[in-house]
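Working notes, beginning with the structure itself.
The values are calculated or read from the model by the stated rules, or taken from the named source; none is laboratory data. This is a predicted model, so every value here is computed, not measured. Don't worry about glycine lacking a Cβ; one is built from the backbone with ideal geometry, like all the others, and counts go over all protein chains shown. Quick note on the areas: whole protein, heavy atoms, side chains included, nothing else; ligands and nucleic acids left out. Shrake-Rupley method; radii C 1.70, N 1.55, O 1.52, S 1.80 Å.
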Amino acid sequence: MKKGKKLYEGKAKIIYTTADKDLAIQYFKDDATAFNNLKKSTIEGKGVLNNRISEHILNNLSQIGIKNHLVKRLNMREQIIKIVDIIPIEFIVRNVATGSITKRLGIEDGTVLKEPLLEYCLKDDKLGDPLVAEEHILMFDWATKQELEKVKKMILRINDFMIGMFWGVGIKLIDFKLEFGRLKTNGKTEVILADEISPDTCRLWDSITDKKLDKDRFRKKLGDLIPAYTEVARRLGILHEQSNVSAVNVTKLRSIKKKK
Ligand code: 5GP
């Protein structure tokens, strides 16, 4: 399937049209941004790993009945996805308090929450993705009551599944961000999971050492982001030892070439 024109470019992905009006190609970039675009960098190989990890998680979610936009992975950096009308809300799920909630509410970092906490942020870079209440979402018609109820049910199921999936490979799912969109088929509209699920959008800590295996390595200048993402992929069984080595080598080779 060939890429058409650019439909949308975000911080970490580009969406292209295809010959099929219902399908798009999602391209994973190596760009990393944090703090509402104030911190920017390019990390060679990040897009490849996120493409594989997100494909793995979304395919697993499909199998437990969570409908999502992924049709199939095309290659190292691209996926075919269904075009949806994105609900302009970032759904943040927290199992352990860290990141913005600790600063906003003074909750101690690492506090295990007695149940999953769902927060809503308006998807608006200019406003810095502000936290909003359910009442705002309904008031400004960003989503309907029925859509929110459906999304909440899906989120609890996704969280349960992902906690188990990561726990099984020695990783704690601390928090993550989800996006949903409206899909029209035969005149009917339904809300499905969209965007990506990867170490860019989740906080993942090693179960024993609490080592950060996610984008906080970039946000907090901890370094070694690619080895951490590779470790997540390896533990999920996506990368076999051989491809693990070659993915890292490709990255190393590229950076050696650049230095030359
Ligand atoms: P926090 O609100 O603590 O910054 O983020 C909570 C969780 O949501 C983290 O796992 C973080 O990665 C994810 N998250 C929140 N906003 C964004 C965003 O704009 N982009 C990405 N990639 N992840 C986000």
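Computed values, structure above
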| item | result |
| --- | --- |
| Using a Förster distance of 30 Å, the FRET efficiency for K5-R219 (Cβ separation, nearest 0.05) | 0.40 |
| For the chain, radius of gyration divided by Kirkwood radius, i.e. Rg to Rh on alpha-carbons | 0.95 |
| At most 11 other Cβ within 10 Å, DSSP loop - chymotrypsin sites (Phe, Trp or Tyr not before Pro), the range 87-172 | F140 |
| For the range 20-26, 3J(HN,Hα) per residue [Karplus equation, 6.51 cos²θ - 1.76 cosθ + 1.60, θ = phi - 60°, Hz, x = Gly/Pro] | 8, 5, 8, 10, 9, 10, 9 |
| Base-10 log of normalised Debye intensity for the range 5-59 (one unit scatterer per alpha-carbon) at q = 0.20, 0.21, 0.22, 0.25 Å⁻¹ | -0.82, -0.87, -0.92, -1.03 |
| Rel. contact order, % - alpha carbon contacts under 8 angstrom, at least six apart, the chain | 16 percent |
| Nonlocal amide H pairs with T98, under 5 Å, H built at 1.01 Å | G110 |
| D175 long-range amide H proximity, modeled H, under 5 Å | N95, R203 |
| Principal axis dimensions, largest first and in whole angstrom, of the range 86-206 by Cα | 45, 31, 25 |
| Centre separation in Å (Cα based) which lies between the range 167-229 and the range 18-46 | 14 Å |
| Carbon + sulfur, % of accessible area of the range 43-84 - ligands and nucleic acids excluded, 1.4 Å | 48 percent |
| Pairs from K6/K150; K67/K215; K13/K211; K103/K215; K150/K184 whose Cα-Cα separation, in the structure shown, is over 23 Å | K6/K150; K67/K215; K13/K211 |
| Zone residues, the range 163-184, relative to N60, backbone N less than 20 Å from point 7 Å out along Cα-to-Cβ | 163-180 |
| Peptides ranked, highest mean first, by Cβ atoms within 10 Å: ranges 196-206, 17-27, 229-239, 171-181 | 196-206, 171-181, 229-239, 17-27 |
| Carbon plus sulfur fraction of accessible area for the range 87-220, probe 1.4 Å, in percent | 56 percent |
| Total charge dipole magnitude, the range 86-206, about the Cα centre, Cβ charges on Lys, Arg, Asp, Glu only, Debye to nearest 20 | 300 debye |
| In order through the range 210-215: 3J(HN,Hα) via Karplus (6.51 cos²θ - 1.76 cosθ + 1.60), integer Hz, x for Gly, Pro | 6, 4, 7, 10, 9, 5 |
| Those GluC sites (Glu not before Pro) in the range 45-120 that DSSP places in a loop and that have at most 14 other beta carbons within 10 Å | E108 |
| Heavy-atom accessible area order for H56, H136, H240, largest first, 1.4 Å probe | H240, H136, H56 |
| Radius 11 Å from Cβ of G181, net charge of other residues (Lys, Arg +1; Asp, Glu -1) | -1 |
| Accessible area in square angstrom per residue, the chain, 1.4 angstrom probe | 53 Å² |
